[in-house]
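> Dropping a structure here in structure tokens format, bear with me for questions.
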Amino acid sequence: VYSEVDNRHDDDDDVELVVPAVVMAQEVLPGLQFVEFDASRGDERSDDLRDLCKTGDWEKILDLIQSMRTTTDVVAVPARSFYVQVLVDAVAKTWPDNLEEDKECCTFLDEWVEAEKDSYDAHVIRAEALLRWAWHARTSCLGRDVSEHQFLHFAARLDMAERDIVRAKELDRCSDALVHATALKLSIGKGLHDLARSSLAALGSSNDPLNYRAHLSALTYFCAKWHGSHQQMFAFARLVVQQLHVGHPLWVLIPRAHFERQPIVPQLGDWRQASVLHEIMNAYLQAFGT
């Protein structure tokens, strides 16, 4: 959970601005059945987005997303990122599991881009949906378990997302962190090393230099199972956490890095090693300020 009060005040009404709590987590325990945690459950704005997704009213979606672009945009970036994912989640629920039937990503997003060709938000959001659609075809299996047929769909959908990302970068006027986060996700799928490096560099001067989603994607990019090594992955995670204050959600990079090492080189008893326990517990204490 990440919740932080921004002590700056709006000059017009002197109201304290609060960063909404943003939680993105999925608990998976073998053999156990329980309802997946959903941070959007009970949130009125999330419910509104899901309803608008059902009706395909992209104009109202645009109004809702743009309402978060306040004079203190840095405050709104994590919330905007969160609600884009809520929208993409809603879109993803419409896709059939059968690849032969899975022919279309999202009609109303296509209509939005067609009607608003110069809309940064339209291109970024459709790119996010297309990336999710690409992984829907590929699945999260290790590469050796993905069929050639799945890879063909994966590659074609990544190409579609790339065109939207290129256009969004052209339209970006404020170095918005969301487009860099999306570009990093694309870099994972396509192995675009120059894009990954440039996106990470641009993120540093964006409106959210420590963007949560961007850094999770970067960690995945540096994984041995994708385009890096265990050494690169841990070096990245440890460098990032040196910049964090107590309570920041990116402390999750440390346990995430230890988790990502296991599918490639499983190490029996690794979680019981004193150094591993110490690093993970320190990250936990820093994340929750206890």
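The values are calculated or read from the model by the stated rules, or taken from the named source; none is laboratory data. Fair warning: this is a prediction, and the values are worked out from it, not measured in the lab. No Cβ is skipped: glycine too gets one built from the backbone with ideal geometry, and neighbour counts run over all protein chains shown. Surface accessibility is based on the protein's heavy atoms, side chains included, excluding ligands, DNA and RNA. Shrake-Rupley method; radii C 1.70, N 1.55, O 1.52, S 1.80 Å.
> Please state which of the following conditions ILE188 fails to meet, knowing it meets all the rest: (1) without any contact (Cβ under 8 Å) to a residue 40 or more places away in the chain; (2) open to solvent by 20 Å² or more (accessible area, probe 1.4 Å); (3) closer than 29 Å to PHE288 by Cβ.
ILE188 satisfies every listed condition except (2).
> Which condition from (1) over 23 Å from SER229 (Cβ atoms); (2) open to solvent by 40 Å² or more (accessible area, probe 1.4 Å) is the one that LEU171 breaks?
If we test LEU171 against (1) over 23 Å from SER229 (Cβ atoms); (2) open to solvent by 40 Å² or more (accessible area, probe 1.4 Å), just (2) comes out false.
> Continuing with the same structure: I'd like the full set of residues that are over 23 Å from THR94 (Cα atoms) and either in a loop (DSSP other than H, G, I, E, B) or among the basic types (Lys, Arg) (or both), limited to region 132-146.
Those that are over 23 Å from THR94 (Cα atoms) and either in a loop (DSSP other than H, G, I, E, B) or among the basic types (Lys, Arg) (or both): LEU142, ARG144.
> Anything in region 103-122 that is open to solvent by less than 20 Å² (accessible area, probe 1.4 Å) and without any contact (Cβ under 8 Å) to a residue 40 or more places away in the chain? List them, or say none.
Passing the criteria: only CYS106.
> Applying the selection to region 83-110, what residues are touching a Phe, Trp or Tyr at 6+ places or on another chain (Cβ under 6 Å) and assigned to a helix (DSSP H, G or I)?
The answer is PHE108, and nothing else.
> For region 218-229, which residues satisfy the criterion of being open to solvent by 10 Å² or more (accessible area, probe 1.4 Å) and either assigned to a loop (DSSP other than H, G, I, E, B) or small (Gly, Ala, Ser) (or both)?
Across region 218-229, the qualifying residues are PHE222, ALA224, LYS225, TRP226, HIS227, GLY228, SER229.
> Does SER205 qualify as being open to solvent by 60 Å² or more (accessible area, probe 1.4 Å), outside any helix (DSSP H, G or I), small (Gly, Ala, Ser) and farther than 19 Å from VAL91 by Cα?
So SER205 fits the description; yes.
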